Every structure is written in C-alpha cells, then in structure tokens.
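Below: the structure, in structure tokens.
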Amino acid sequence: MKTAVVTGSTSGIGLAIATAFAEGGANVVLNGLGDPAEIEKIRKRLAATGGGKVSYHPADMTKPAEIADMIETAAGEFGGVDILVNNAGIQHVEKIEDFPVEKWDQIIAINLSSSFHTIRAAIPGMKARGWGRIINIASAHGLVASPFKSAYVAAKHGIMGLTKAVALEVADQGITVNAICPGYVLTPLVEKQIPDTARARGITEAQVKSDVMLKFQPTKEFVSVDEVAAAAVYLASDAARSVTGTHISIDGGWTAQ
Ligand code: NAD
C-alpha cells in the first residue's frame with residue numbers, strides 16, 4: 001500500500017487529489033489550514049473510501065521545522081512517504097510598487113520553499129525504497145506571466161526549475177519528479193482574487209472572469225479540480241515511470257498561444 005502526503009489538501013485542488021489517492025486505496029496524509037471540525041469531517045469521509053488510512057498533519061508551510069515533522073510523522077505512521085504532492089499555495093494580486101513585502105515573503109515560502117523542505121525530507125526514504133513520486137502543483141504561471149502577480153509568477157517559475165533539478169538528481173533511483181500546470185480552476189484561491197483583480201484593473205468582477213481569467217483560456221471554461229487529480233494519479237502510477245523532469249499542462253490551451 002502506498003502512502004501519499006498532499007500539502008494544502010483541506011480545500012480545492014489538494015482536496016481533490018487527496019480524495020483521488022484515498023479512493024485508489026492509498027494511505028493519505030492531509031495538511032492545510034481550516035476549521036478543525038471541518039478537517040476532521042474530511043478526514044473521516046476520505047478514510048471511508050478506499051481502505052487506506054487517512055491522517056491529518058497541521059504543518060504550516062511557512063515553517064521548515066513543522067514541515068520536517070510532517071514528513072517524519074508520516075514516515076513513522078505509515079513506514080514511508082511514497083507519493084509527495086506539493087500543492088499548498090496562496091495568491092496576492094497587487095501592483096509591484098504596492099506589493100507588501102511580507103506577502104512576497106509568504107508567497108515565496110508557501111508556493112516555493114515549502115517544496116524544497118518537503119522534498120529534502122522525503123527523498124532519503126524514497127531512495128531507500130527505490131521508488132517515489134513527487135508531484136508539484138505549479139501553474140500556467142510557471143510558464144508564462146500575468147501582471148500584478150509578481151510573487152506568484154516568480155514562485156511558480158521557481159518550482160518548475162526545482163522540479164527539473166531534482167528530477168535529474170534522482171532519475172536513476174526509481175523516483176520521478178514532475179509538475180502539473182493548471183490554468184484557471186474555480187477554487188477558493190481564484191474566487192478570492194476576483195475582487196482584488198477588479199480593483200487593480202478598475203473593472204467589474206464579471207469582467208475579471210470573462211475578460212481576464214478566461215480571456216487566455218481558449219476553451220472559455222474553468223478547469224475542474226478532478227482533471228488535475230486525474231493527472232496526479234497518472235503521474236503517481238507505474239505507467240508514468242519514464243515521465244520525469246517535465247510538466248503536464250491542463251490549461252484549456254492557454255500556453256499554446
Ligand atoms: P485553495 O485556496 O482552494 O487551497 C489552498 C490550500 O493550501 C488550502 O488547503 C490551504 O489551507 C492551504 N494552505 C494555504 N496556506 C498554507 C500554509 N501556510 N500551510 C499549509 N497549508 C496552507 O487553492 P487551490 O486553487 O486549490 O490551489 C492549490 C494549488 O494549485 C496552489 O499551489 C495554486 O497555486 C495552484 N493552482 C491553482 C490554480 C487555480 O486556478 N485555482 C491554477 C493553477 C495552479
């Protein structure tokens with residue numbers, strides 16, 4: 001039985017990925033912020049699906065010691081971390097000259113550095129077992145930019161580089177490292193940035209959805225969380241053992257332009 005740790009899995013894409021792994025029979029370690037009673041409901045719901053165990057670790061992705069403890073605890077509880085999904089992420093939309101310094105630091109910590117901390121802690125066990133899957137949830141913004149998202153775009157481009165570097169380091173040890181680059185997915189992260197983008201650009205919230213977000217997504221539809229989860233399940237499978245150091249775009253054609 002495989003064990004998957006999914007950071008930021010109390011909501012949105014991470015929750016869909018954790019659900020898919022639980023349904024597939026893996027042990028799952030949930031992580032993320034939120035109301036403890038709600039998180040416990042999610043944990044119980046997932047534990048009832050696929051026969052694996054589901055636990056929750058509250059590590060804050062800005063705290064390296066808590067991240068190390070999450071991987072150590074998962075390894076202690078389940079005998080090792082086979083699948084690591086680095087998904088936790090936040091966004092902030094603001095002109096560069098008004099961008100709060102503490103927001104920059106927080107976004108770089110959560111969206112980029114946390115993956116360094118999880119990976120460095122999980123890799124020794126994967127090497128020892130000769131099998132591992134690391135899946136970094138990047139973004140179309142790991143490949144191209146949009147204005148007013150300097151920290152997010154910088155962090156997501158950074159995670160693409162980290163993905164490739166680590167993939168090369170462990171390529172001959174049964175461990176693959178890949179990124180998934182979704183376009184716009186209608187999750188709480190995206191819903192929260194609609195008013196800020198409207199303010200930054202001086203347009204209505206409806207115009208943000210149609211003229212900003214879906215403007216670059218030729219399908220004119222938001223991506224669903226289940227599509228991203230299905231790609232994660234594929235990357236974690238033995239069928240994807242030669243897929244490493246690369247990314248899967250799920251962006252409705254955005255980055256083909
Ligand atoms: P979301 O807001 O629904 O979920 C984010 C998750 O991260 C939550 O579980 C939250 O609790 C957790 N989190 C936030 N700060 C944390 C911290 N300090 N420590 C631990 N956990 C923390 O967002 P989402 O849209 O599901 O985003 C998930 C990932 O997908 C992010 O990395 C995001 O950049 C990426 N992504 C999202 C979209 C999109 O359109 N929604 C597109 C491309 C990439």
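Bear in mind that the values in this text are calculations on the coordinates, not laboratory data. These figures come from a predicted structure and were not determined experimentally. We place every Cβ from the backbone using ideal geometry, glycine too, and count neighbours over all the protein chains shown.
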Item checked: Residue in region 43-65 that is nearest to residue 9 (Cα to Cα), counting only those that are among the charged types (D, E, K, R) and under 18 Å from the mean Cα position of the chain (by Cα) -> 60
Next item on the list: Go through region 186-199 and give me each residue that's more than 6 Å from the ligand (Cβ to nearest atom) and assigned to a helix (DSSP H, G or I).
Entry: 191, 192, 193, 194, 195, 196, 197, 198, 199
Notebook entry, point to check: Just checking, which of 118, 163 is within 14 Å of the ligand (Cβ to nearest atom), over 27 Å from residue 213 (Cα atoms) and not aliphatic (A, V, I, L, M)?
Noted result: 118
Next item on the list: Could you pull out the residue among 34, 8, 14 that is within 15 Å of the ligand (Cβ to nearest atom), crowded, with 17+ Cβ neighbours inside 10 Å and on the phi > 0 side of the Ramachandran plot?
Entry: 8
Note to self: With the requirement that a residue be within 11 Å of the ligand (Cβ to nearest atom), under 18 Å from residue 212 (Cα atoms) and among the small types (Gly, Ala, Ser), what does region 132-147 give you?
What the structure shows: 139, 140, 142
Notebook entry, point to check: Among the residues of region 17-31 satisfying the criterion of being within 11 Å of the ligand (Cβ to nearest atom) and hydrophobic (A, V, I, L, M, F, W, C), which is nearest to residue 233 (Cα to Cα)?
Noted result: 17
Margin query: Please verify whether residue 221 is under 25 Å from residue 9 (Cα atoms), acidic (Asp, Glu) and either near the ligand (Cβ under 9 Å from one of its atoms) or surrounded by 14 or more Cβ atoms within 10 Å (Cβ to Cβ) (or both), treating the condition exactly as stated.
Written below: no
Checklist line | Selection within region 146-185 - without any contact (Cβ under 8 Å) to a residue 12 or more places away in the chain and touching a His at 6+ places or on another chain (Cβ under 8 Å) | finding: none
Notebook entry, point to check: Quick one: what pairs do we get from region 102-124, first residue of a type in the set (Gly, Ala, Ser), second more than 13 Å from the ligand (Cβ to nearest atom) and assigned to a helix (DSSP H, G or I), C-beta under 6 Å, 6+ apart or different chains?
Noted result: 121/68; 121/71; 122/71
Margin query: If residue 183 meets every condition in (1) surrounded by 20 or more Cβ atoms within 10 Å (Cβ to Cβ); (2) away from the ligand (no atom under 15 Å from the Cβ); (3) of a type in the set (Gly, Ala, Ser) apart from one, which number is that one?
Written below: (2)
